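Note sheet for the following structure.
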Amino acid sequence: MAGSDDKRVVIVTGSTSGIGRGVAELLLSRGWRVVVNSLSDDETGESMAASSDDMIYARGDISSAQDCAQVVAAAVATWGRIDGLVNNAGTTAYVDLDDIGGVTAEVWHRVLDVNVIGTWQMISAAMPHLKVAAPGRIVNIASVAGLRPVGSSVPYSVSKVAIVHMTSILGKVLGPDVLVNAVAPGLVETAWTEEWGAVKDDVAATAPLRRIGHPEDIAAACDYLLNTTYTTGECIAVDGGMRLVI
Ligand SMILES: NC(=O)c1ccc[n+]([C@@H]2O[C@H](COP(=O)([O-])OP(=O)(O)OC[C@H]3O[C@@H](n4cnc5c(N)ncnc54)[C@H](OP(=O)(O)O)[C@@H]3O)[C@@H](O)[C@H]2O)c1
């Protein structure tokens, strides 16, 4: 087994792009061994893994329980342990909040399958190893859309509310072996928001901190929560204060 020393191991789902990539790169620089994951971007995942002995890439769709088990198995086969899990992978649908007919059951299932059930499946697959880490730490990526009635669609916002509540419940029941927290980003510059020019201008003009977020802002919060010793079940907004004005 490669690198069987006391370096901690973290899985970051959806980490070939945007926030997840920022988290993976910061944690690598902080001395973690990192499992990079994505749905399909093997090229970026393999190239990130090739850049360090402390990074591997495990492709997998978190909405598949089998894929989640394989991502966890890749971490354990390579390094024999899992100390942290950052549930970042997510998806959305773009449907105006008042367009009730525009949200079909198919849209609900697609968004909830990835954002809620996928997060749950990763937690479930990693839990036996996180418990051994004592404490293991989980950080779920929620959204300001899970704290306020805003967002790209009702299913997306509801999925993020579910993540915030899942975090509270698991924080309540999994201690002291596993600490469970969440980060709720505001608008962050990623591929996902690439074409949201007007929204970005609006956030930069109205957020108390007068700018949009960057993956590094979210990564810093994840780094904190992966080291916290006395916080669990908490959701930290990292949004430049935007939730205060929307
Ligand atoms: N950007 C924002 O303003 C913002 C704000 C609040 C919350 N968030 C949350 O932050 C997270 C990341 O967003 P982002 O903006 O960084 O997105 P992004 O740049 O589009 O990156 C998404 C990443 O997730 C992966 N992914 C998507 N579906 C997956 C699945 N089913 N299984 C495994 N991996 C999957 C993608 O892989 P492929 O490239 O292979 O598809 C990619 O690596 C999401 O949970 C999102 O809801 C984002």
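Quick note: the coordinates plus some simple rules give every number you see, no bench work behind them. Please read these numbers as outputs of a predicted model, since none were measured by experiment. Don't worry about glycine lacking a Cβ; one is built from the backbone with ideal geometry, like all the others, and counts go over all protein chains shown.
How far apart, in nanometres, would the label points at His165 and Asp53 be if each is projected 7 angstrom from Cα along the Cα-to-Cβ direction?
Between His165 and Asp53, the simple spin-label model gives 4.7 nm.
Taking all pairs of different Cα atoms in the chain, averaging 1/r and flipping that mean, what Kirkwood radius in angstroms comes out?
18.0
Compare Gly102, Gly22, Gly213 in a GNM of the chain, Cα atoms joined below 10 Å, and give the one with the largest fluctuation.
In this elastic network of the chain, the residue with the biggest mean-square fluctuation among Gly102, Gly22, Gly213 is Gly102.
How high is the relative contact order of the range 1-105, given as a whole-number percent (alpha carbon pairs under 8 Å, six or more residues apart)?
Working: 173 pairs, mean separation 33.2, N = 105.
The normalised contact order for the range 1-105 reaches 32 percent.
With +1 on each Lys and Arg Cβ and -1 on each Asp and Glu Cβ, and nothing else charged, work out how big the dipole of the range 1-157 is about its Cα centre, in Debye to the nearest 20.
Numbers: 11 positive and 17 negative charges, 134 e Å.
The calculation lands at about 640 debye.
What FRET efficiency comes out for the pair Leu209/Val76, r = Cβ-Cβ distance, R0 = 41 Å, nearest 0.05?
Numbers: r = 40 Å, r/R0 = 0.98.
Efficiency, rounded to the nearest 0.05: 0.55.
Given only helices, namely DSSP H runs of n ≥ 4 each adding -39500 (n - 2.57), what is the per-residue ellipticity at 222 nm of the chain, to the nearest 500 deg cm²/dmol?
The per-residue figure over the chain is -13000 deg cm²/dmol.
Can you give the relative contact order of the range 9-241 as a percent, counting alpha carbon pairs under 8 Å and 6+ residues apart?
Here the relative contact order equals 21 percent.
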